[in-house]
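The values are calculated or read from the model by the stated rules, or taken from the named source; none is laboratory data. Keep in mind that this is a model prediction, so the values were computed, not measured. FYI the Cβ positions are ideal-geometry reconstructions off the backbone, even for glycines, and counts take in every protein chain you see. Note: accessible area is taken over every heavy atom of the protein model, side chains too, but ligands, DNA and RNA are not part of it. Shrake-Rupley method; radii C 1.70, N 1.55, O 1.52, S 1.80 Å.
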Amino acid sequence: MRQDQKVVNADYLLFDAPRKESFITGSEAVAEAIKRANIDMAVAYPITPQSESMHLVGELYAKGYVKDFYRAENEFAVMAAIHGASLAGGRVFTATSGPGTLRAMEMFPVWAGARQPIVCAFMCRGVSLPPSIQPENIEMAMLLETGMMMLHAENGQDFFDMLLKAYIVAEKPDVHLPVGVFADGFFVTHTRDKVMLPSEDLTLESYSPHCAPVPAFNMETPPIRITRDPLLNKSNFISYAANASWHQEVLAASERARKYLNRYLNGLLEVEKPEAKIMFAASGTAVSQCREAIRRLSDMGIEAGLIKIKSVRPFPEKELREATKEAEWIFVPEFNAGGWLAREIKAALDRNSRVVGEPRVFGGMTMPPEIIIDAVLKRLQSSDVNI
Amino acid sequence: MKTRVITPADVFEKYLPEEYRDLVDRGPYLENHGVAGLGTTKELVEQHPHCAGCGVSLGIRLAAASLPSPEDTIIVGTPGCSFFALAQTAVNYSNTAFGNQNAVASGIKRMLQVRHPDKNKDVIVMVGDGGIADIGLDLTLHSWFRREKITTIMLDNEVYGNTGGQESGMSKIGQKLNMAPTGKKFPKVPVYDMAKTAGCAYTARVTVASPYKLEKAVRKAVLIARNVGPTYVQIYTPCPTNMKFPSNGTINVAKEAEKEYYSFDEYFTKEAEQYLAEQNALKNSQGIDEK
Ligand SMILES: Cc1ncc(C[n+]2csc(CCOP(=O)(O)OP(=O)(O)O)c2C)c(N)n1
Ligand code: SF4
Ligand SMILES: [Mg+2]
């Protein structure tokens, strides 16, 4: 924070503080969030489409909003340095994209295992199969079981709010886990959108390591014999059991986060027209594309509902079952070839032949509403369901 | 942290484990006994599961006894044999992914400076030769390029001990090892010389056969890192298990190496020399010589 900023409590900053309209890119929305997040340290390594946001965070450091900042040598080193900085008891931030995410992969489960409330933004893009810098969110599939919580922003407003909310939920003593805040690269990072912002003079309270379920490595806590990492130095039942129970506790902490996510995100998912026989379930910018498809389908006399999934980890299984009670078809449009979201949804629902993993685009293709509508019409023609 | 945090309140003292009280009363937290005190004072490393005669565990024991402020120290490790003793050492210890140690240490050191700017808090990397010379070489060098104020200590057993005796970048040329079935094809990675050009303010090369030299080197390295810039100490810690010499031969193997290729060496930048001279001028009045 800067001396001219006023520390306010999280609820005031997020819910009550008056907001003003701005017209900014998603990258700028990231910087606006970090400006108000009272960050101790950020570390960066450039990659498209993340770079601009971390340039802006660097400028925040130069202006005194962030206390330390440097450009590291690669993403594994970034995530390792962020891990170290968080171990020493401060609030940290970084961001990356696609290949950077994969380069750093080994560190993400470490963050969760070390119970660190690290917030990392992921500006999703293609990875090398074949090389692509274009929007695609396959990297989310690869992070699903790393123990980190995962929020998926639809637009700049979500990106701004979710980053601040991520710190608040991550730092709850009964959670204390990392959060990845994901946005589809370019579509969110490089386009301007209306974003409502509270005053830049306000900032979150600073992080207190005393709220952590594990002591910080700051040499302020006796009795100075701390190996926080799960025990692996003995091959015996006790160390296996210690490791396994620690692992279970990481997963349990993520479950305990649901109550906070419900409060701050106003639910892990949002539903429109739950009575519709045709539902779309999507996350990220695919949600916006569904909104337009739904409007046009309605003009054609076909009513469809929408489930916007905001939290991917923890995953809203129960809420999904509730929201799809009436659905005959559940379309899951995605910006990746693997279809990880459709798989997640199928695993959560009964009668999961209702789930249609279409349309899917990747390699930088856009998802015009027409192909969403086509997917629906094709299914309707080949079925005897009456809508 | 110092006295206030370490010393138990009278009413609680009897509830603390005897071991902790020992560390406070007869150990290195409040008073430095150094290598000379080994055997008569409470040690930071009490027991370890290393092989008999392990040079790595001896290196750790000597280095731990040499820390100027163990109560204000965090050691950053990485997978490898060193983990087994360090995880049981009475110093804060962090160990995660193989080769990430100097980046983790950079993050820790910077955050400690942000949050405790008025206090000396020492960040020391202590890991194996493979961890530095192979998988972690880029992160090590970059921490030196950036002039991070951390001490890096290599426990060089010239092999991947922990995974079963494979070739490491620090193995000697010609050495037959697992994954080097016809002998290693290139010489030891010159990490020691690289440290000098990469920005270290102080470097020392030493073996476990010279405990007092080792003590002085580690002590200087930590103090110079605290005040001037990155420092590097490379300790030869021979491994009887993989090098197949008798477990009572460790010191002799190290002594031979000192004669052949592991001679004692020290290097200071001008700033480091100047800092030590200032310290000595200060300490001489108290009868202690730093160099
Ligand atoms: C990413 C990764 N690759 C490989 C390993 C396996 N591994 C653990 S320790 C080690 C070798 C350690 O050798 P060195 O650093 O020389 O330490 P020593 O055991 O000899 O003390 C290896 C290869 C690992 N833990 N992580
Ligand atoms: S394998 Fe070698 S380095 Fe590892 S514990 Fe045994 S003797 Fe020590
Ligand atoms: Mg080794």
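Give me the one-decimal Kirkwood hydrodynamic radius in Å for chain A, with the sum taken over alpha-carbon pairs.
Details: mean 1/r = 0.0464 Å⁻¹.
Result for chain A stands at 21.5 Å.
Per-residue Cβ counts within 10 Å, from other chains only, averaged over A:86-99: what number is that?
Numbers: counts 3, 10, 15, 6, 7, 1, 2, 0, 0, 0, 0, 0, 0, 0.
Going residue by residue through A:86-99 and averaging, the value is 3.
Extending each Cα 7 Å along its Cβ direction at A:Glu59 and B:Ala36, get the distance between those two points in nm, one decimal.
Each label point lies 7 Å from its Cα, and together they span 6.0 nm.
What fraction of the DSSP beta bridges in segment A:6-210 is antiparallel, stated in percent and rounded to the nearest 5?
On the way: 7 of 30 bridges.
For segment A:6-210, the DSSP antiparallel bridge percentage is about 25.
Can you give the local net charge around B:His33? Use residues other than it whose beta-carbon is closer than 14 angstrom to its beta-carbon, Lys and Arg +1, Asp and Glu -1.
On the way: positive: B:Arg26, B:Lys42, B:Arg61, B:Arg219; negative: B:Asp22, B:Asp25, B:Glu31, B:Glu43, B:Glu71, B:Glu215.
Charge balance in the 14 Å sphere: -2.
How much of the accessible area of chain A, in percent, comes from carbon and sulfur atoms when a 1.4 Å probe is used? Please list the in-between numbers first.
Details: 7940 of 14830 Å².
About 54 percent, which is the carbon plus sulfur part of the accessible surface.
Once both axes come from the Cα atoms, what is the angle between helix A:156-170 and the longest principal axis of chain A, in degrees from 0 to 90, rounded to 10?
Value to nearest ten degrees: 50.
Distance between the C-alpha centers of segment A:102-118 and segment A:277-313? Whole Å please.
Spelled out, the Cα-based centre of one part sits 33 Å from the other.
Please work out the ratio of the alpha-carbon Rg of segment B:211-264 to 2.2 N^0.38 Å and round it to two decimals.
Scaled against compact globular proteins, the figure is 1.39.
Please work out whether segment B:1-122 counts as rounded, prolate or oblate from its C-alpha gyration tensor, where a ≥ b ≥ c are the square roots of the eigenvalues and a/c under 1.5 means rounded, while otherwise a/b larger than b/c means prolate and anything else oblate?
oblate
Under 5 Å between amide hydrogens, which residues at least 5 positions from A:Phe217 or on another chain qualify, with H placed 1.01 Å from N in the peptide plane?
Here A:Ala88, A:Gly89 satisfy the definition.
Based on DSSP, what percent of beta bridges with both residues in chain A are antiparallel, to the nearest 5? Working shown, then result.
On the way: 13 of 47 bridges.
Of all bridge pairs located within chain A, approximately 30 percent are antiparallel.
Could you tell me what percent of the DSSP beta bridges with both partners in the protein assembly as shown are antiparallel, to the nearest 5?
Values: 19 of 80 bridges.
Taking every DSSP beta bridge with both residues in the protein assembly as shown, the antiparallel ones total about 25 percent.
Between the alpha-carbon centers of segment A:332-387 and segment A:132-198, tell me the distance in whole angstrom.
That distance is 23 Å.
Take the Cα of A:Arg2, step 7 Å along the line toward its Cβ, and report every residue of segment A:21-41 whose backbone nitrogen sits under 16 Å from that point.
Residues A:31-40 qualify, since their backbone N sits under 16 Å from the label point.
Which value, in Å², gives the accessible area per residue of chain A when a 1.4 Å probe is used on the protein heavy atoms?
Numbers: 14830 Å² over 387 residues.
So chain A comes to 38 Å² accessible per residue, rounded to a whole number.
Counting only other chains, what is the mean number of Cβ atoms within 10 angstrom of the Cβ of each residue in peptide B:77-87?
Working: counts 2, 0, 1, 0, 0, 0, 4, 3, 1, 2, 7.
Per-residue shielding by partner chains comes out at 2.
Long-range amide H contacts for A:Arg313: which residues qualify at under 5 Å (H placed 1.01 Å from N, peptide plane, sequence gap of 5 or more or a different chain)?
The answer is A:Met150.
Given charges of +1 on the Cβ of Lys and Arg and -1 on the Cβ of Asp and Glu, with all other atoms neutral, how large is the dipole of segment A:269-381 about its Cα centre, in debye to the nearest 20? The partial results should precede the final answer.
Values: 18 positive and 17 negative charges, 48 e Å.
So the dipole magnitude of segment A:269-381 works out to roughly 220 debye.
Each residue of segment A:341-356 in order: what ³J(HN,Hα) in whole Hz does its phi give by Karplus 6.51 cos²θ - 1.76 cosθ + 1.60, θ = phi - 60°, with x for Gly and Pro?
5, 4, 5, 4, 5, 4, 5, 8, 10, 8, 6, 7, 5, 5, 7, 10
Pairing the Cα long axis of helix A:369-381 with the longest principal axis of chain A, what angle in degrees results, from 0 to 90 and rounded to the nearest 10?
That works out to roughly 50 degrees.
Starting from the Cα of B:Glu46, step 7 Å along the direction of its Cβ; do the same at B:Val5; then give the gap between the two resulting points in nm.
The two pseudo-label positions are separated by 2.2 nm.
Charges on Cβ only, +1 for Lys and Arg, -1 for Asp and Glu, centred on the Cα centroid of segment A:6-210; of A:Ala77, A:Leu143, A:Leu129, which one is farthest towards the dipole's positive end?
A:Ala77
Put +1 on the Cβ of each Lys and Arg and -1 on the Cβ of each Asp and Glu in chain A; which of A:Gly89, A:Asn262, A:Gly156 then has its Cα farthest toward the positive end of the dipole?
It is A:Gly89.
Cut-off 17 Å, label point 7 angstrom out along Cα-to-Cβ of A:Ser206: give me the residues of segment A:64-82 whose amide nitrogen falls inside.
Zone members listed by number: A:64-69.
With a 1.4 Å probe, how much accessible area is buried between chains A and B, both sides summed, in Å² to the nearest hundred? Provide the component values of the computation, followed by the final result.
Details: alone 16670 and 13440 Å², together 26530 Å².
Buried: approximately 3600 Å² between B and A.
Considering only protein heavy atoms and a probe of 1.4 Å, how much of the accessible area of segment B:127-228 is carbon and sulfur, as a whole percent? Please list the in-between numbers first.
Numbers: 2030 of 3590 Å².
Its accessible area is 57 percent carbon and sulfur atoms.
What is the projected area of the convex hull of the Cα atoms of segment A:252-387, averaged over all directions, in nm²? Spell out each step's value before the answer.
Values: hull surface 33.5 nm².
Here the figure is 8.4 nm², rounded to one decimal.
If you place +1 on the Cβ of every Lys and Arg, -1 on the Cβ of every Asp and Glu, and leave all else neutral, what size is the dipole of segment A:69-206 about its Cα centre, to the nearest 20 Debye? Walk me through the numbers before you get to the answer.
Numbers: 9 positive and 16 negative charges, 37 e Å.
Roughly 180 debye, rounded to the nearest 20.
Per-residue Cβ counts within 10 Å, from other chains only, averaged over A:209-218: what number is that? Present the calculation step by step, with values, prior to reporting the outcome.
Details: counts 1, 0, 0, 0, 0, 0, 1, 5, 11, 11.
Partner Cβ neighbours, averaged per residue: 3.
By the scheme Lys and Arg +1, Asp and Glu -1, what is the net charge of all other residues having a beta-carbon under 13 Å from that of B:Val127?
Working: positive: none; negative: B:Asp129, B:Asp134, B:Asp156.
Surrounding charge for B:Val127 is -3.
Just to confirm a number: summing +1 for Lys and Arg and -1 for Asp and Glu over residues other than A:Ala276 whose beta-carbon lies under 13 angstrom from that of A:Ala276, what do you get? Please report the intermediate quantities before stating the final value.
Working: positive: A:Lys273, A:Lys277, A:Lys325, A:Arg354; negative: A:Glu272, A:Glu275, A:Glu303, A:Glu326, A:Glu328.
Local charge sum for A:Ala276: -1.
Within 10 Å, at most 14 other Cβ atoms, and a DSSP state outside H, G, I, E, B define an exposed site. Report the longest part of chain A free of exposed trypsin sites (Lys or Arg not before Pro). Before the final figure, lay out the partial values.
Details: sites that count: A:Arg2, A:Lys63, A:Lys234, A:Lys325, A:Arg351.
The reported range is A:64-233.
Between A:Lys259 and A:Ser22, what FRET efficiency follows from the Cβ-Cβ distance if R0 is 30 Å, with the result rounded to 0.05?
Working: r = 31 Å, r/R0 = 1.04.
The value I calculate is 0.45.
May I ask you to list the residues of segment A:243-271 whose amide nitrogen lies under 19 Å from a point 7 Å from Cα along the Cα→beta-carbon direction of A:Ala10?
A:250-269
Restricting things to alpha carbons, find the Rg to Rh ratio for segment A:65-201 using the Kirkwood radius for Rh. Walk me through the numbers before you get to the answer.
Values: Rg = 14.6 Å, Rh = 15.4 Å.
On the Cα set of segment A:65-201, Rg over Rh gives 0.95.
Assuming R0 = 41 Å, can you tell me the calculated FRET efficiency for the pair A:Ser245 and B:Asp25, based on Cβ-Cβ distance, to the nearest 0.05? Intermediate results must be reported in sequence, preceding the final value.
Working: r = 34 Å, r/R0 = 0.84.
According to the calculation, E is roughly 0.75.
Report, by chain and number, residues whose modeled amide H sits under 5 Å from the one on A:Leu202, excluding near sequence neighbours (fewer than 5 apart, same chain).
A:Lys6
Can you list the residues of segment B:121-160 whose accessible area drops by at least 40 Å² going from the chain on its own to the full set of protein chains, with a 1.4 Å probe?
B:Leu139, B:Arg146
Just from its helices, what would the mean residue ellipticity at 222 nm be for the protein assembly as shown, if runs of 4 or more DSSP H residues each count -39500 (n - 2.57) and the sum is divided by every residue, rounded to the nearest 500 deg cm²/dmol?
Values: 25 runs with 260 residues, N = 678.
My calculation for the protein assembly as shown gives -11500 deg cm²/dmol from helical runs alone.
Mean Kyte-Doolittle hydropathy of 0.5 or higher plus an axial Cα length of 18 Å or more: which whole DSSP H helices in chain B meet both?
The answer is none, since no helix passes both cut-offs.
Taking +1 at the Cβ of each Lys and Arg and -1 at the Cβ of each Asp and Glu, which of A:Leu102, A:Gln5, A:Ser51 sits farthest along the dipole of segment A:1-120 towards its positive end, judged by Cα position relative to the Cα centre?
Looking along the dipole axis, the top candidate is A:Gln5.
In debye, nearest 20: dipole of the protein assembly as shown around its Cα centre with unit charges on the Cβ of K, R (+) and D, E (-)?
Details: 75 positive and 80 negative charges, 147 e Å.
Here the protein assembly as shown has a charge dipole of around 700 debye.
With a/c under 1.5 counting as rounded, go ahead and sort segment A:195-320 into rounded, prolate or oblate using the C-alpha gyration tensor (a ≥ b ≥ c being the square roots of the eigenvalues; past the cut-off, prolate if a/b is larger than b/c, else oblate).
Oblate is the answer for segment A:195-320, as a/c is 1.5 or above yet b/c matches or exceeds a/b.
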